[in-house]
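J.: I am attaching a structure below and will ask some questions about it afterwards.
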């Protein structure tokens, strides 16, 4: 290769680090808002975020008792916790959720968009419009709205101090919804596009946006598919030979929220045992 083809790194051709690396651990307020925080992956994220020093707002849809139990686990780490009932498919409820979190806990420096549902395993031709629409409303449209509200509060150009958004996607997006999960896979593919596109859009505003794609994980959502013993049946097909745990996924989430991942944005992390 000739010398003329090698371009030296200069300030003109390198992306500026300002606005990309946000020292979240240095903010006075270290607050995480987690949707779908009353069970499964969300509950594990709440616990580990508290372990790592976050006060936590726990969003839930209907199980107040479960959300309160997670809140007690957060407080056991010496952190503050509030529970917020809200349907994330309702934009007004999402806005109120962010407002209440800021009022009671302080500036939201970390947002984990985790709440979701899965359709029953069935061919697309056998699904009703209502079933398809509900999956897309919760698993994609709500993520767009939640990310919008987070950016409106975090963006430095809008008076915020930056922050981190982690969107919970799924390996179903890469597998194209195979096995009867086309609406779910299609919605999660949209979350992937949201994550990468928004991450690039707001990098200069001090916000990192990262997507996490779990594979076969031992959570309640596995039972919602209607497939009996799904984890036991398909775990051996994973290269690591087993399904994952909620805690393994949550550890990846809190790492992405931390300064240790400060140069990571607009990308997707698979937590799938090699699948």
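None of the figures in this text is laboratory data; all of them are computed from the coordinates on show. Everything numeric in this text was worked out from a predicted model, so none of it was measured. Note: ideal-geometry Cβ built from the backbone for every residue, glycine included; neighbour counts use all protein chains shown.
J.: Counting helices only, and only those DSSP H runs with n ≥ 4, report the 222 nm mean residue ellipticity of the chain as the sum of -39,500 (n - 2.57) divided by its residues, in deg cm²/dmol to the nearest 500.
T.: When only DSSP H runs of four or more count, the value is -11000 deg cm²/dmol.
J.: Using only alpha-carbon positions, what ratio does the radius of gyration of the stretch 37-106 give when scaled by 2.2 N^0.38 Å?
T.: Compactness ratio reported: 1.02.
J.: Under the classification rounded if a/c is under 1.5, otherwise prolate if a/b is larger than b/c and oblate if not, where does the stretch 15-166 fall, given a ≥ b ≥ c as square roots of the Cα gyration tensor eigenvalues?
T.: Oblate shape, in that a/c is at least 1.5 and b/c is the bigger or equal ratio.
J.: If you build a Gaussian network model of the chain, linking Cα atoms that sit under 10 Å apart, which residue out of 188, 80, 103 swings the most?
T.: Comparing 188, 80, 103 in the GNM, the peak value goes to 103.
J.: Shifting gears a bit: Where does each of 151, 191 land when they are ranked from fewest to most other beta-carbon atoms within 10 angstrom?
T.: The fewest-first ordering by Cβ neighbours comes to 151, 191.
J.: Can you sort 269, 240 by how many other beta carbons sit within 10 Å, fewest first?
T.: 240, 269
J.: Another question, if that's okay. Could you tell me the center-to-center distance, by alpha carbons, between the stretch 84-137 and the stretch 234-275 in angstrom?
T.: 22
J.: Also, quick follow-up: Would you mind calculating the relative contact order of the stretch 28-271 from Cα pairs under 8 angstrom and at least 6 residues apart, reporting the percent as a whole number?
T.: RCO, the stretch 28-271: 19 percent.
J.: Counting other beta carbons within 10 Å of each residue's own, what order do 189, 157 fall into, fewest first?
T.: In order of increasing Cβ crowding within 10 Å: 157, 189.
J.: While we're on this one: Show me the three semi-axes of the equivalent ellipsoid for the stretch 106-265, from the C-alpha gyration tensor (sqrt of 5 times each eigenvalue), largest first, rounded to whole Å.
T.: Ellipsoid half-lengths, sorted descending, are 30, 19, 12 Å.
J.: Next question. Compute a Gaussian network model of the chain, connecting alpha carbons closer than 10 Å, and tell me which residue from 181, 111, 234 fluctuates the most.
T.: Of 181, 111, 234, the most mobile in the Gaussian network model is 234.
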